[in-house]
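The structure under discussion appears below in the form of structure tokens.
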Amino acid sequence: MKVYTLLGLALLIAACTAEKESYTHTLAQGEGIPSSVIYYWQEATGIGVTGALDLMESATHIVKTPLKNIDIEVPQVANGNYSISIENEAGKTIFTEIPEKFINMDAEVSFSSKVFEPFFLKEWNPMKGKDYTTVYIKSKLDNQVFYIKVVLTGTAQEIAKYSEDF
């Protein structure tokens with residue numbers, strides 16, 4: 001009887017610690033963001049037009065959805081860096097080099113443009129008045145786990161980023 005109890009407990013622990021196959025990202029269209037389409041994709045490198053090694057968009061997207069205040073399912077991704085892009089009349093704004101740990105979690109993902117958010121660092125004050133777009137990825141399970149990236153709107157040019165992972 002004791003052996004069956006231990007075996008059952010071991011199976012229960014194994015089932016509880018198995019990685020999820022997908023994660024829920026709750027998207028939020030914040031201030032300054034017009035109607036947009038969101039893409040999640042894995043980054044790849046290759047030889048660009050200049051002959052240098054460039055960051056390139058993979059051929060297939062992991063997620064493509066209109067930006068609305070909705071929940072989306074994001075499949076579990078492999079190790080590596082990922083990008084999230086927003087396409088609208090301002091062009092294509094790309095947030096590059098997002099570690100997979102911020103994709104592989106249940107998260108709230110919000111976007112804003114030209115808004116100096118309350119969670120920004122004081123050192124970012126010089127950004128005020130610039131044309132920038134922000135992505136803020138925050139774990140639903142632990143608000144101490146988050147990723148913020150700010151880029152020049154319509155580009156992939158990073159202005160600022162900050163993350164915490166406790």
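Things worth noting here:
- When you count the other C-beta atoms within 10 angstrom of each residue and take the mean per peptide, 65-74, 79-88 line up highest first as 79-88, 65-74.
- From phi via Karplus (6.51, -1.76, 1.60), per-residue ³J(HN,Hα) for segment 123-134 in Hz, x at Gly/Pro: 5, 8, 3, x, 6, 3, x, 8, 8, 10, 10, 10
- Gained length - residue 161 relative to residue 92, 0.36 nm times residue gap less alpha-carbon distance: 23.0 nm
- Along each principal axis, taking the top coordinate minus the bottom one, the Cα set of segment 114-155 gives 33, 23, 12 Å in descending order.
- Mean projection area, nm², convex hull over Cα of segment 86-126: 4.3
- Amide H contacts of residue 67: 36, 37, 38, each under 5 Å away and 5 or more positions distant or on a separate chain (H built 1.01 Å from N in the peptide plane; Pro and chain starts excluded).
- Under-5 Å amide H pairs with residue 153, H placed in peptide plane, nonlocal only: 132, 133
- Principal axis dimensions, largest first and in whole angstrom, of segment 68-136 by Cα: 37, 29, 22
- Each residue of segment 20-34 is assigned a 3J(HN,Hα), and the resulting list reads 6, 8, 8, 10, 9, 10, 8, 7, 9, 8, x, 4, x, 9, x Hz, derived from the Karplus form 6.51 cos²θ - 1.76 cosθ + 1.60 (θ = phi - 60°), x at Gly and Pro.
- The orientation-averaged projection of the convex hull spanning the C-alpha atoms of segment 96-166 amounts to 4.7 square nanometres.
- Which listed pairs, of 92/122; 128/161; 20/101; 64/128; 101/161; 114/149, have C-alpha distances above 22 Å, in listed order: 92/122; 64/128
Since every read-out is calculated from the coordinates, none of them should be taken as a lab result. Note that this is a predicted model, so its numbers are computed, not measured. Cβ: placed from backbone, ideal geometry, glycine included. Neighbour counts: every protein chain shown.
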